[in-house]
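Below is one structure, written out as structure tokens; the observations come after it.
The values are calculated or read from the model by the stated rules, or taken from the named source; none is laboratory data. As the structure is a prediction and not an experimental result, all values here were calculated from the model. Cβ placement follows ideal geometry from the backbone for every residue including glycine, while neighbour counts extend to all protein chains displayed. Heads up: the accessible areas ignore ligands, DNA and RNA and are worked out on the full protein's heavy atoms, side chains in. Shrake-Rupley method; radii C 1.70, N 1.55, O 1.52, S 1.80 Å.
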Amino acid sequence: TNMQAPASDEAVGAEQEPVSTEPKGHNQLLNEFHTSLMQDPLFVEVLQGNTAEGAQAENKILEFVKLAIAGDSEKIKAMNKTEESWEAALENPIDVPALEGLMLAAPKDAVAATIGSLGLLLGACGACLRTNSPPKVCRALQVLCIVFRAQQQQQLPFTNLLAALGGEARGEQFVRMVIADTTNVLTGDTKSAFCLTLSLKFLNVLATAAQGDVWGPKVAQWLHEGDVTGALRKAVSRSRRFRHCLSLDAVVLCVTVGLSRVPAPPASADPLSDPEDMKGMLESVDVLCHVAVQRLLEALHRKTLAVESFLTSKKVVPQDTKELKRLLSADGPIHGSQLCYVGACCLALYYFSVYHTRPYLLAFQARKTKEGPEPTDRELAPDGVDGLPMVFSSSLTLLSCLLDSPQNETVQYAKLVLLSILPLVEDQEFVPTICVPKLGGYQIFSRSATPDASGLFVKAEANKAPLTVLVHALLAFLSDNLKLALEVDLYTVALRVIHRILCYYKNCTAGEEMAFDWKHLLTVTLRVVSYLSREPVWKGAEPAKVNELALQAAAILNLFLVYGPALLQGNEGYPVVCYEIARVSANKVFKKLLELSSADGNESPIQEELRQLMSAGDHVNAVVEGWLANREAFSPTREEVLQVVASAQTSLSLPNRQDLLNFENFVEDDASSSLARGRLTELVFLFCTHIHVFPPRPVPTPAQPQK
């Protein structure tokens, strides 16, 4: 549901149930949460609106807003006297749908004037947050959500709110106080599922209220200094129901606070630096990943079926043509709230792996990092359910969907996921954890796969290591998306990930067999290099970017060439490497690429890499040609040629290229930072547009006419 809220009736202070040996599934947890909401009188009060008991007795707040929008200054002044009077008004239920509708439907100027007169009411709401009365706390949060959301949706400057609160200084003091009080509600012992949900909803409204405004980074800093991340981490780690039902809200709040501050703080300054605290948040990301992946798979499935139906149909009606054009448009089948889930998931993966690399990595270790039982205020999921390292597995399925003919926004999201994987595969302690086969397999989007029981086009990768699935997904993308308008950035990051994995096998394993098909990797890399040697492709891309891509591809080929005997098991592998490089060299691919990269007259690293490949290729080709010249009317088999290549490799002179095994660890640069913050802006817009703060009022079923 858009309400997306798993508040927890397992609040701090409540008796904790022991973790069952048969963990509850996602749908069961959602059903339990929705049941707890429907049994919560505060939630029912909002659903009933003006029909709730006491709502019509004294609806002072709604009446005041109507007068403010109408501009009746005399009556406004008469009603707006003290905070105490507004606190008394919060004793009665509020017609939330009516109040929200007024604030969102009124003209912009009228809403600005109304907010300017709400200072005393907002002050009363802040005071009510510090009471022990759940109804007053809940109603105060309702008013705060409506007012701050109206300011946001009407695109009013954040200073309007601060002015209503007495100016910038007093406004900042009030907002900081409200943040502290709301985090206390989030981590408190309230047994109201709806009250807990609203506290998270309001923090999200506040975090997104000033996005795109000069106050955005300041509000994010206030939220950080108010330990919102710590409170969120505590709420998430103590309840699986919270993680499953409020995953979207929790993740959006975390990345909004984390990525909005300028400059970004070091990881040591954030509560998430504790690996134990990281586990709960990553489990929330895993749940969100599953939701995003399911929506992506369904959307891609609809697109695939629509295209196949169009191509095989003898007669297409105009309505079908219109739908097909929509599915094949720039936006494609993924839009609206679907992009909201995808964007939140991609940003979370990026934020945690780039800003909190070490705790992210340590969270993949043993679930108990110290002796003794887990702390009593945590409810971590059993291994293999929705815990770690499941989130990495989920991200692979997500990546396979995003890399399916990416375009426009999908390209940016795919790049975020690849950049989030890069710091992980650069760590020598992390790669072994994804080299172990995982029982149960993965779901990878594949147009060539037979639809499974759910009707989706997915390919099961059973009992394969996550590393295997990762490399195969990257190779499928590299092989299937060679086009004139090449996605150079995506290709470069994908090859950087592969290069780091090859360096791990050379530096950290003693001749261990690689967990993927290295021959396919070699073939695809050579295809990329061959494609770049085409003049229209090379000149159609930005010079600096296409040079970087060519350099990364050539470096992988030279790594195979120089360190092949150590990387590949047996004596059969290395001759294949030399043979394939010599074959491509004989087709003048490296020479063409060298000419293109030298056209500006400047020397660059790519040229040295290409000269080494040309030299090795020329040497092998010379030996093979000499062998063929001594035989008349002879058509050698591939196996015979490989035997000759194996003899030629003994006389192949190659330099010691330690630089091929060295790389600079990923550090967020201006381009990556701009990418993440651009996606964050889009996420905030989608979140505020498509995700409700309050549940929509049920539409009454019309009475059936009597016969």
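Given a 1.4 Å probe, how much area per residue of the stretch 28-148 is accessible, in Å²?
Averaged over the residues of the stretch 28-148, the accessible area is 43 Å².
Note down the accessible area of MET103, probe 1.4 Å, to the nearest 10 Å².
0
Quick one: length gained pulling LYS81 to ALA544 fully straight, 0.36 nm per residue minus the C-alpha distance?
160.2 nm
Under the Kirkwood approximation applied to all pairs of distinct alpha-carbon atoms, what is the hydrodynamic radius of the stretch 572-662 in Å?
Value: 14.4 Å, from the Cα pair sum.
Counting heavy atoms of the protein chains only and a 1.4 Å probe, report the per residue accessible area for the stretch 628-673 as a whole number of Å².
In whole numbers, the stretch 628-673 has 72 Å² accessible per residue.
Compare the Cα positions of TYR579, LEU661, LEU549 along the charge dipole of the stretch 535-678 (+1 at Cβ of Lys, Arg; -1 at Cβ of Asp, Glu; about the Cα centre) and return the one farthest towards the positive end.
Towards the positive end, the residue furthest out is TYR579.
Could you sort out which of LYS66/LYS218; LYS464/LYS519; LYS539/LYS592; LYS539/LYS588 sit more than 22 Å apart by Cα distance in this structure?
On the way: LYS66/LYS218 32 Å; LYS464/LYS519 18 Å; LYS539/LYS592 13 Å; LYS539/LYS588 18 Å.
Correct reply: LYS66/LYS218.
Could you give the nm distance between label points at GLU513 and ARG638, where each point is 7 Å from its Cα heading toward the beta carbon?
The answer from the label model is 2.0 nm.
Can you compute the FRET efficiency between SER337 and ALA169 using 1/(1 + (r/R0)^6), with r the Cβ-Cβ distance and R0 = 35 Å? Round to the nearest 0.05.
Plugging the Cβ-Cβ distance into 1/(1 + (r/R0)^6) gives 0.35.
In this model, which of LYS279/LYS545; LYS60/LYS191; LYS81/LYS191; LYS75/LYS201; LYS201/LYS234 are farther than 25 Å apart at the alpha-carbon?
Correct reply: LYS279/LYS545; LYS60/LYS191; LYS81/LYS191; LYS75/LYS201.
Not counting ligands, DNA or RNA, and with a 1.4 Å probe, what is ARG527's accessible surface area in Å² rounded to the nearest 10?
Using a 1.4 Å probe on the heavy atoms, I get roughly 110 Å².
Hey, can you rank 135-145, 644-654 by average C-beta count inside 10 Å, highest first?
My ranking of the peptides, most packed first, is 135-145, 644-654.
Measuring from a point 7 Å past the Cα of VAL44 along Cα-to-C-beta, which residues in the stretch 125-151 have an amide N at less than 12 Å?
So the set is empty, nothing qualifies.
In what sequence, highest mean first, do 249-261, 613-625 appear when ranked by Cβ atoms within 10 angstrom?
Values: 249-261: 25.5, 613-625: 18.9.
Going from most to least packed, we get 249-261, 613-625.
At 1.4 Å probe size, with the rest of the protein present, what percent of the exposed accessible area of the stretch 550-707 is carbon and sulfur atoms? If you can, show how the numbers build up before the last one.
Details: 4490 of 8760 Å².
Using a 1.4 Å probe with all protein chains present, the stretch 550-707 comes out at 51 percent carbon and sulfur.
What percent do you get for the relative contact order of the stretch 61-177 when only Cα pairs under 8 Å and 6+ apart count?
27
Just to make sure I understand: if all protein chains stay in place, what is the order of LEU628, LEU467 by accessible area at 1.4 Å, largest first?
LEU628, LEU467
Order LYS108, LYS545 by their accessible area, 1.4 angstrom probe, all chains in place, largest first.
So the residues, ranked largest to smallest area, are LYS108, LYS545.
Quick one: if you take sqrt(5λ) for each eigenvalue of the C-alpha gyration tensor of the stretch 499-625, what semi-axes come out, biggest first, whole angstrom?
Details: eigenvalues 132, 59, 28 Å².
Square roots of five times the eigenvalues give 26, 17, 12 Å.
Which order do THR187, THR523, THR492 take by accessible area at a 1.4 Å probe, largest first?
Details: THR187 30, THR523 70, THR492 10 Å².
Sorted descending by solvent-accessible area, the residues read THR523, THR187, THR492.
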